[in-house]
Structures are given as structure tokens and as C-alpha cells.
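Where a number appears in this text, it was derived from the coordinates with a stated rule and is not lab data. What you see is a predicted model; the values in this text were computed from it and never measured. When we count neighbours, we look across all protein chains shown, and the Cβ atoms used for this are built from the backbone with ideal geometry, even at glycine.
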Amino acid sequence: MRLRRGRTGLTGLALMTVLTMTATTGCAALLLEDKGPLPPRYSGPPLPADTVVSDLTSALKAEGITLERTPQELIPTECHERLTGEHESATADTALKAGFARARSDHGWQDGHDMGEGWLSLRKGNWTAATVLPNASGADTSPTSMILVTVMCDGGRSKSSPRTDSARPSPASS
């Protein structure tokens, strides 16, 4: 009798293992099923790049930071803007924070994703703007700090080749 119980126990254990593996495999197949592309993060009409750049430059200019827009032929990514400038090091962080706050209050920007300490991030429509505070590391002792604000739209990707066809607009350009 005892031998018979041992085999029944082993058979039951084997059966439970097979059933568990089958259920797990079935569930995993459902979890790994391709459901197509993800929906865009922003479903409204795309904002023109000129509008986004104008919002940010005017908000930061009101705080004493003058930014210049990098020409598109120098940027290898579609739907990407780079704004650069300089500001007095002693007040650069404060001016950037105030400029980003002004963009939120005056131009309708929202807080962006938390990118960690020393970073500022804003979001408006299909665009995200981010910058690192120049004095976050504390290592800079120069009288002026370089300011770099990167602005990128959702779905930005590398440009396939230099643009020769100016009639073909990018997804978010004006």
C-alpha cells in the first residue's frame, strides 16, 4: 500500500507541474502578444516648432536669459530644437527656474517628467523641454554659465538624409 501512495503522490505532483506550466505558458503568450503600436502621448494637433520656441525664449528672456535657436541643418534629429545662451553664473539657476515657472504660468506649459536632481523639465502639447541647471554640480567657477535647453517632440527620430526638398514639411514644423 505504501508504495502505491508514493506513486500517486508523484503522479499528482507531476500533473500539477504540467498544469502549472501550461497555464503559465498560456498567460505568457497573452502577455507577449503584439497589440500594435502604442498610442501617441499627446492626441491633439501638433504644435508648430516656432510656437514652442517662441514661448520658451520669451519666458526666459523675461528672466534675463537670451537664447539663440540652433539652425535645423545642424541638428541630426527631426522634431528637435536646441536653444543656447549664457547667463551670469551666480544667478543662472534662479533665472532658469523662474523662466520655467513663467513658461508654466504665462504660456500654458506643464511640469514634465522628473528627470532627477538638477534637471528642469516642461511639457506642452507634443513637445518636451528639458535643461540641466548649470550650477547643479557646483564645479563651475566661471563668471558666466552656458545654458542649453533641448526641446523635442513626441516621435522625434533621426533624419534620414540632409534635406534637399524644402517642400516636405516635418511633422511639427510650421
Fraction of alpha-carbon pairs in the stretch 42-133 farther than 22 Å apart, rounded to whole percent, equals 24
Applying a 10 Å radius around every beta-carbon, put 142-150, 110-118, 66-74 in order of their mean neighbour count, most first. 142-150, 66-74, 110-118
Counting only residues 5 or more apart in sequence or on a different chain, those whose built amide H sits under 5 Å from that of Leu133 are Trp119, Leu120
